[in-house]
Amino acid sequence: MADDELNQLNRRYRELKKRLQDLGFAVAGSITERYTMCGKATCRCHADPPQRHGPYYQYSRKVAGKTVSRLISAEQVDQYRQWIANRRALDEITAEMDDVSHQAAERLTAPAL
C-alpha cells in the first residue's frame, strides 16, 4: 500500500514538473489602469461630467519591500498580464510540489508498524 501511495505521489510530482516546463516568463506584480486630470482649468477633464485623460497603464511590483512602478504602453499590457498570470501559476505549482514532497517525506520516514 505504501509503495502505491509513493508511486502516486511520484507521478503527481512529475506532472507538476512538466507544467513548470511549459510556463513562460513569470513576473510578480500588478497592472493598474489610470485616468487622470491635468492642471488646465479649461480642459475637458474638468468639465461636468469630467472626461479624464487616459488610459495610462502602470506596472507595479515590490523590490526590497518598496513599491516600484513604471508606465507601460497599451501594447505591452497583454504581455505583462500573461507574465503575471504565469507567476501566479508558478506559485500554485510550487506550493503543490511542496505539499506532495511533504506527503512523500511523511510516508518515507514513518515508523514501520
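General remarks:
- Of residues in segment 59-73 being closer than 26 Å to D91 by Cβ and either touching a Leu at 6+ places or on another chain (Cβ under 6 Å) or outside any strand (DSSP E or B) (or both), the one least open to solvent (accessible area, probe 1.4 Å): G65
- Taken together, the residues in segment 34-57 that are touching a residue at least 12 places away in the same chain (Cβ under 8 Å), over 30 Å from R19 (Cβ atoms) and not small (G, A, S) amount to 10.
- Restricting Q103, Q82, Q76 to residues that are at pLDDT below 95, assigned to a helix (DSSP H, G or I) and surrounded by 13 or more Cβ atoms within 10 Å (Cβ to Cβ) narrows the list to Q103.
- From the options L113, L23, L90, L16, residue that is out of contact with any Cys (no Cβ under 6 Å at 6 or more places or on another chain), surrounded by 12 or more Cβ atoms within 10 Å (Cβ to Cβ) and modelled with pLDDT under 95: L23
- The set of residues in segment 31-43 being loosely packed, with under 13 Cβ neighbours inside 10 Å and within 22 Å of A74 (Cα to Cα) consists of T32, E33, R34, Y35, T36, C38.
- Counted residues, segment 85-102 - those being in contact (Cβ under 8 Å) with a residue 12 or more places away in the chain and charged (D, E, K, R): 2
- Given (1) exposed (fewer than 11 other Cβ atoms within 10 Å of the Cβ); (2) modelled with pLDDT of 95 or more; (3) part of a helix (DSSP H, G or I), number of the condition L108 does not satisfy: (2)
- The combined condition, being out of contact with any His (no Cβ under 8 Å at 6 or more places or on another chain), within 25 Å of Q21 (Cβ to Cβ) and surrounded by 15 or more Cβ atoms within 10 Å (Cβ to Cβ), is fulfilled by E96.
- Qualifying positions in segment 1-42 - in a helix (DSSP H, G or I) and in contact with a helix residue (DSSP H, G or I) (Cβ under 9 Å, 6 or more places away or on another chain): A2, E5, L6, L9, N10, R12, Y13, L16, K17, R19, L20
The values are calculated or read from the model by the stated rules, or taken from the named source; none is laboratory data. Just so we're clear, the structure is a prediction, and the values are computed from it rather than from any experiment. Using ideal geometry, Cβ is built from the backbone for each residue, glycine included, and neighbour counts are taken over all protein chains shown. Note: accessible area is taken over every heavy atom of the protein model, side chains too, but ligands, DNA and RNA are not part of it. Shrake-Rupley method; radii C 1.70, N 1.55, O 1.52, S 1.80 Å.
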